[in-house]
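Every read-out reported here was derived from the displayed coordinates using simple, explicitly stated rules and does not represent laboratory data. Just so you know, these numbers come straight off a predicted model, no measurement behind them. Cβ atoms come from the backbone with ideal geometry, glycine included; neighbour counts cover every protein chain shown.
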Amino acid sequence: MTTNPYTMIHEAFHYGDEENLHYLKEGYHICDKFLTDEALIYCRDKIDRMTTQVCEELPKHMIVSAHQLGAQWMIDLATEPKLLDLLEKQVGPNIVLWSSHLLCKQPRTGEAIPWHQDAPYWNVSKNLSGGVWIAFDDIDEDNGAMAIIPGWHKKGTLKRLYGNEQFFSEEIDPAVLPENIDQVKVQYKVRAGQMCIHDTMIPHNSVPNNSDRWRRVLVLRYMGAEDEMAEKVYQDYRDNSDFHRIYYLVRGNDIMNRGLNTDLLPAAV
Ligand SMILES: O=C(O)CCC(=O)C(=O)O
């Protein structure tokens, strides 16, 4: 099978009505093929350079919104037309890229992420937001796999408990999660280059990396141009300096005339 040298997306990648129906019903979908082998090598190289640049003050495992800080590879990936076709099914025709998270669990690191829902944490549009979770390593229960509870995206905002930990101070109250959670959860056991999507309300967690392997994942988040937007200040992973979230229109129109950033729109022909 040959690959198209002009795209990072594998030619076998397909996300049609059947896959979207599964996503709508179960709240998640695992796409078998996504990145080409060449793209995988290219992205891993970029990620490895970035992870060595993380400053002392910030956690090593999470690089936030580096697409705003010169990481062109992230922008190239985030604006792939086939990926935006998928996002169009989630958020409609006017698509805004609003955040990225590079989640890299180093070998033998203990960063478990407790059960949580994403949308209730955000100051942007709630249920409408969309996103993708892209794996750059083979991932299983030994090196930090993520899990979701199928169908639980329809349960609304679940009761949360608040702790003191700096890293993740909130989690879903275990009392409201299913008793047989280990039987019903779906753990993303994926090969490098696969991509998963999950509803922004679905409960999910991930286990520590107890292996000698890396676990590198990129989460890209999008919303519709008509959705709620708000200010957010992030810290630059290289020097801990502040920078402001930018809302990039990546497809369609700025239908609310908000003055969205259009630098990433394809050039008009
Ligand atoms: O990939 C993970 O370990 C968890 C990701 C996550 O919690 C999130 O994207 O909200």
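Per residue of the chain, what 222 nm ellipticity follows from adding -39500 (n - 2.57) for every DSSP H run with n ≥ 4, rounded to the nearest 500?
Per the formula, -5000 deg cm²/dmol.
For the chain, what is the relative contact order in percent, using Cα pairs closer than 8 Å and at least 6 residues apart in sequence?
The normalised contact order for the chain reaches 29 percent.
For residue 27, which sequence-distant residues (separation of 5 or more, or a different chain) have an amide H within less than 5 Å of its own amide H, given hydrogens modelled in the peptide plane?
151
With the cut-off at 1.5 for a/c, could you classify segment 17-251 from its C-alpha gyration tensor as rounded, prolate or oblate?
Judged from the Cα gyration tensor, segment 17-251 comes out rounded (a/c under 1.5).
I need the phi-derived Karplus couplings for segment 109-115: 6.51 cos²θ - 1.76 cosθ + 1.60, θ = phi - 60°, integer Hz, Gly and Pro marked x.
Once rounded to whole Hz, the list reads 10, x, 7, 7, 10, x, 4.
So which trypsin sites (Lys or Arg not before Pro) in segment 64-130 pass both tests, a DSSP loop state and at most 13 other Cβ atoms within 10 Å of the Cβ?
Qualifying residues, ordered by number: 108.
May I ask you to list the GluC sites (Glu not before Pro) in segment 43-150 that are in a DSSP loop and have at most 14 other Cβ atoms within 10 Å of their Cβ?
56, 57, 141
Please turn the phi angles of segment 170-181 into ³J(HN,Hα) values with the Karplus equation 6.51 cos²θ - 1.76 cosθ + 1.60 (θ = phi - 60°), one per residue in order, whole Hz, x for glycine and proline.
Running phi through 6.51 cos²θ - 1.76 cosθ + 1.60 with θ = phi - 60° gives 10, 8, 5, 4, x, 5, 9, 8, x, 4, 9, 4 Hz.
How large is the dipole of the chain about the Cα centre if only Lys and Arg carry +1 and Asp and Glu carry -1, each at its Cβ, rounded to the nearest 20 debye?
Computed about the Cα centre, the dipole is about 140 debye.
Quick one: Debye curve from the C-alpha atoms of segment 188-249, no solvent, what's log10 I(q)/I(0) at q = 0.21, 0.23, 0.25 Å⁻¹?
For segment 188-249, the Cα-only Debye profile gives -1.17, -1.18, -1.19.
Of 144, 62, 130, which is farthest on the positive side of the dipole of segment 61-163, counting Cα position, with +1 on Lys and Arg Cβ, -1 on Asp and Glu Cβ, and the Cα centre as origin?
The one lying farthest along the dipole's positive direction is 130.
Could you point to the residue in 223, 205, 265 farthest towards the positive end of segment 201-269's charge dipole, with +1 and -1 charges on the Cβ of Lys/Arg and Asp/Glu respectively?
Working it through, the farthest residue towards the positive pole turns out to be 205.
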